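Just below is one structure, and these are the notes that go with it.
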Amino acid sequence: MEFLGGPREPSGEEDMEKKRLEYYKKKLLTRRDELVKTITRTEEEGRQADDDPTVDLADKAANSYTKEFLFGQTNTDRTILNMIDEALKRIRTEEYGTCANCQDELQQKRLEAVPWAKHCITCQEKKEQGLL
């Protein structure tokens with residue numbers, strides 16, 4: 001960085017912010033890898049439920065239910081995966097940690113619990129109530 005014609009060392013605050021972003025990036029990437037593995041495994045288990053050569057009607061019904069349940073899980077995991085990808089993009093564009101609606105900084109507790117959060121708690125509640 002340049003400051004008054006000369007290079008400037010990053011402040012301690014900037015250093016801390018970089019470390020914090022790196023921490024959340026690592027956390028998001030780890031969660032992303034877990035989800036990709038889970039989705040792949042779940043899809044495979046769903047296909048195997050189809051291949052089961054059971055003749056009994058109750059077994060077929062149980063397999064059908066299992067398959068629906070597994071694919072429902074996959075959809076939920078895919079939704080979270082998309083939110084993680086969006087959060088990683090916000091890190092790259094330096095928008096991470098800021099509410100997409102009110103532009104307030106997200107609380108550390110919120111990011112710790114839901115590192116892919118896009119809104120502060122207040123705006124998230126409004127969104128869930130259909131007010132946003």
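No lab work stands behind these numbers, since they all come straight from the coordinates. Just so it is clear, the structure is predicted and the values come from calculations on it, not from any experiment. Cβ coordinates were reconstructed from backbone atoms using ideal geometry, including for glycine residues, and neighbour counts include every protein chain displayed.
Would you mind checking 37/60; 67/127; 19/118; 27/127 for any pair whose Cα atoms are more than 30 angstrom apart? Cα-Cα > 30 Å for 67/127; rest within. With viscosity 1.306 mPa s and temperature 10 °C, the Kirkwood radius over alpha carbon pairs of segment 11-96 converts through Stokes-Einstein to a diffusion coefficient of 104 µm²/s. Counted residue by residue at 0.36 nm each, then reduced by the alpha carbon distance between them, the extension gain from residue 122 to residue 71 reaches 15.2 nm. Under the simplified labelling scheme, the residue 78-residue 40 pair shows an inter-label distance of 1.7 nm, with each label point 7 Å from Cα along Cα→Cβ. Couplings 3J(HN,Hα) for segment 98-105, derived from phi with the Karplus relation 6.51 cos²θ - 1.76 cosθ + 1.60 (θ = phi - 60°), are 10, 4, 5, 9, 9, 6, 6, 6 Hz, where x marks Gly and Pro. Computed from label points 7 Å out along Cα-Cβ, the spacing between residue 26 and residue 93 is 2.6 nm.
Near residue 98, the amide H atoms lying under 5 Å from its own belong to 106; only residues 5 or more places off or on other chains count, and H is placed 1.01 Å from N.
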